[in-house]
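Report on the following structure.
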Amino acid sequence: MTFSICAAVIVKNEERCISRCIESILHKFDEYLFVDSGSSDNTNIIINEKFSSSPFKFKLFNVEWEDSFSKLRNVAINNCTSDAIFFIDADEVLLSSKIDIIKNFRFILESKNKHKITLCPIINNHDNHKLKSIPRGFFLKHGFYYFGFVHEDIRNTRVSNIVKFFSSIIIQHDGYKNEIQESKKKQDRNKKLNLLNISIEPNNLRWIFFYCRDLMGMVSYNEIYFTMSHLIDIDKVILDGYGKKKKSVYSFLILDLISTLKLADFSYENYSEILEAMDDIHPNNGNTFYYKKMREILKWKSHINNILLQAIDYINENNNHSFSMHSDGYHIDQLLAICMYENGYIEHAGKIFLSLKNNDFQTSIMNKYMKLLSKHGI
């Protein structure tokens, strides 16, 4: 059974990366569609040059930007003449071969549920974090379309339960690098578009999650949490994940974001309940384990810091070392050095340990810390 696949690329001022993107998809698809929403650089020139002598079907649409990525993707869908479509971003490189691409789409075509299956590639970000659940491909004429101004959601006019097929197609992506996001002013743009999503579907946890997540780095953790608490009932999410949506991925992601905010702000109110709710949605997940152990570490660090302050106060207020391990209080100095080391004051700890050693004071514990200091070059 033969079928055709179209590669669709949404572009705007992509001269930095569009050449490598095109080179990675050439000869792998039957049709190539580009939708440009107002490039002012050489993006269009580069695209046309790349396909000037190409034997493949090629179209470049120039569409006015109307604050909607869904509109651009739907333009590609509506103008595609192939049997299936695969979206790749301009700041991505397709690593898989044509054979791999066809094999994965054929799996969908031969499935009895092909009318509701979307293909999700493995998207490898610049930091090697892999995303595996973002739909990028599907067969046309089954009612698929995009909805949302940003972080657009793929939907279907005929079925509500869209199925994700986790394919073996691999994409390399570098668009989340800080310098690239800043140059394209992605954060300010996304804040505006996320609010538009919420204005249309105020109870959709997807839009609320992306809006609050995209505020990271723009405002304080407290402000993000305050914003989230005004958009949703956080206690309701913790207790029942919004009822029927208890197993929703966005219930989990919102709880995950709350955990991040609380951990960064050293705020542990309801923390156990939040982690328990996360485990209820996705048992034994790595994020919950991470938050639990990080909380233990931070509590331990806080406890060590308190001991350090108590040791300093004791040294300043007490000179009586009668009946002590050492009459000059060297054992208290050792305690102080250990607390400094565990709190990250490595050089200060080293000076105290060295002073104690020069005065012939040594214990087995101190010797262990001296070995650790030697690894720091102290």
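Taken together, the values in this text are just the output of simple stated rules run on the coordinates, not laboratory data. All figures in this text were calculated on a predicted structure; none of them were measured in a lab. Neighbour counts are summed over all protein chains in view; Cβ atoms, including those assigned to glycine, are modelled from backbone coordinates with ideal geometry.
Below are the figures for this structure:
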| read-out | value |
| --- | --- |
| Relative contact order of segment 185-283, pairs being alpha-carbon contacts under 8 Å that are 6 or more residues apart, as % | 24 percent |
| Segment 253-340: GluC sites (Glu not before Pro) in DSSP loop, at most 15 other beta carbons within 10 Å | Glu269 |
| DSSP bridge orientation in segment 5-176 - percent antiparallel, rounded to nearest 5 | 35 percent |
| Cβ crowding within 10 Å averaged over residues, with 361-371, 206-216 ranked highest first | 206-216, 361-371 |
| Leading residue at positive end of dipole, the chain (Cβ point charges), from Val237, His282, Ile108 | Ile108 |
| Neighbour-count ranking [beta-carbon atoms within 10 angstrom, fewest first] of Arg73, Arg295 | Arg295, Arg73 |
| For Phe210, net neighbour charge (Lys/Arg +1, Asp/Glu -1) across residues whose Cβ lies under 14 Å away | +1 |
| Out-of-range pairs (alpha-carbon distance over 24 Å; input Lys192/Lys292; Lys28/Lys57; Lys299/Lys371; Lys292/Lys371; Lys12/Lys186) | Lys192/Lys292; Lys299/Lys371; Lys292/Lys371 |
| Proximal lysines relative to Lys141, as straight alpha-carbon distance under 16 Å, when same-chain residues fewer than 8 apart are discounted | Lys112, Lys114, Lys116 |
| Segment His376-Lys301, extension gain: residue separation times 0.36 nm, minus the distance between their alpha carbons | 25.0 nm |
| Of Gly175, Gly286, Gly344, the one that fluctuates the most in a GNM where the chain has Cα springs shorter than 10 Å | Gly344 |
| Relative contact order [Cα under 8 Å, 6+ residues apart], the chain, whole percent | 10 percent |
| Dipole magnitude (debye, nearest 20) for the chain, charges at Cβ of Lys, Arg, Asp, Glu | 1540 debye |
| Shape of segment 5-176, Cα gyration tensor, a/c cut at 1.5 | rounded |
| DSSP bridge orientation in the chain - percent antiparallel, rounded to nearest 5 | 35 percent |
| Label-point separation in nm, Asn285 to Ser199, each point 7 Å along Cα→Cβ | 3.1 nm |
